[in-house]
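The values are calculated or read from the model by the stated rules, or taken from the named source; none is laboratory data. Predicted, not measured: the structure shown is a model, and the values here were computed from it. Because the Cβ atoms are built from the backbone with ideal geometry, glycine has one as well, and the counts that use them run over all protein chains shown.
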Amino acid sequence: MKFLAENVTKVFRALEDGGVPVWIDGGWAIDALLKSETREHTDLDLIVPIDCVEPAEVILGQLGFQRDDRETDMPVRVVFKDSDEHEIDIHPMTFNPDGTAIHIDCDTLGQKYVYISSPAGLSGVGTIDGRVVRCTTAAEQIRQKIERRYSPWSPERLRSNGVSADLEDIFALLKVYGTGEGGLRETVPSRSTSNSVVSAAEQFSMRRLDSLSAKHAELTLKYAELSAQHSQLNAQHTDLINQHSALRARLKSMRRTISWRLTAPMRHAAEWVGVGWSKLRTH
């Protein structure tokens, strides 16, 4: 059953409005990045923090989707279907303090392995049915097709025209995000290789290496400046603590002196007179 664009945005908005952080992944993420529906989709892939799976299930239930326990395999995926057999695949991820996200995936042999997404990989913004959505980036999409343990040439990943769906997706992304107006021919690597998917992804990465390096240098410089400011503030803080300790020690020493004890009645009288005078002035 075809998963319509309007249904994608409906699900996305419902989860967002319900307080569930969500990223569109898979085929719909590619079309979101391309800002056009390039093919029919039979399901919707979503990334959700693992501790938000239960709230997501409640929200999806309100939209008519129920968990399919036959297809669900936690923590790899949680599958939901409605009465029309529309399918939503949630990929639960564990988010680390540094922004990376860990997903437990499963290869064709049924073996589970760890896949780590970078913070930048989840910073994509696309458009579906005229609405802006959050999704995985083009670079992350290409990286997934290289590093996940499946073959882009397996029968289930070939389209009706006999072309690898993964390779076709990479070419489409490179045309928009990697090769400008040069067309698909520019995506063919100049050196021979046994894996066209790897070569195309390598080309995509190299085109952005310089800009990423410059950004890294800029952030490194900023970090050094902030570290220097932090050290300076720490030194000031330490100095103030020392001054405070010295003043407390001096006051403690004064209170032990004979003159302090002898003048205590005078201080108390002055305090009493001051309090009494302030009361008189208020009446």
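Filtering region 73-112 to residues that are part of a loop (DSSP other than H, G, I, E, B), of a type outside the set (D, E, K, R) and within 18 Å of residue 56 (Cβ to Cβ) leaves 74, 75, 76, 86.
Would region 195-207 turn up any residue that is surrounded by fewer than 10 Cβ atoms within 10 Å (Cβ to Cβ), under 30 Å from residue 164 (Cβ atoms) and modelled with pLDDT under 80? No, every residue in region 195-207 fails to be surrounded by fewer than 10 Cβ atoms within 10 Å (Cβ to Cβ), under 30 Å from residue 164 (Cβ atoms) and modelled with pLDDT under 80. Looking across region 1-27, just one residue is within 16 Å of residue 125 (Cα to Cα), surrounded by fewer than 23 Cβ atoms within 10 Å (Cβ to Cβ) and touching a helix residue (DSSP H, G or I) at 6+ places or on another chain (Cβ under 7 Å), and that is 21.
Would you check if residue 166 is surrounded by 14 or more Cβ atoms within 10 Å (Cβ to Cβ), of a type in the set (D, E, K, R) and at pLDDT 90 or above? It is false that residue 166 is surrounded by 14 or more Cβ atoms within 10 Å (Cβ to Cβ), of a type in the set (D, E, K, R) and at pLDDT 90 or above. Among the residues of region 127-173, the ones that are farther than 30 Å from residue 111 by Cα and hydrophobic (A, V, I, L, M, F, W, C) come to 4 in all.
Can you give me the number of residues within region 139-173 that are farther than 20 Å from residue 118 by Cα and out of contact with any strand residue (DSSP E or B) (no Cβ under 8 Å at 6 or more places or on another chain)? Selection size over region 139-173: 16.
Residues in region 78-98 that are under 19 Å from the mean Cα position of the chain (by Cα) and closer than 12 Å to residue 44 by Cα: 89, 90, 91. With respect to (1) under 27 Å from residue 139 (Cβ atoms); (2) in a helix (DSSP H, G or I); (3) modelled with pLDDT of 95 or more, the lone exception for residue 48 is condition (2). If you go through region 101-126 and pick out every residue that is within 16 Å of residue 25 (Cβ to Cβ) and of a type outside the set (A, V, I, L, M, F, W, C), you end up with 10. Among the candidates 140, 87, the residue that is assigned by TED's automatic domain parsing to the domain that holds residue 15, crowded, with 18+ Cβ neighbours inside 10 Å and at pLDDT 95 or above is uniquely 87.
Within region 1-29, residues that are farther than 19 Å from residue 137 by Cβ reach partners that are small (Gly, Ala, Ser) and at pLDDT 95 or above with beta carbons closer than 7 Å, at six or more positions or on different chains, in the pairs 15/56; 20/56.
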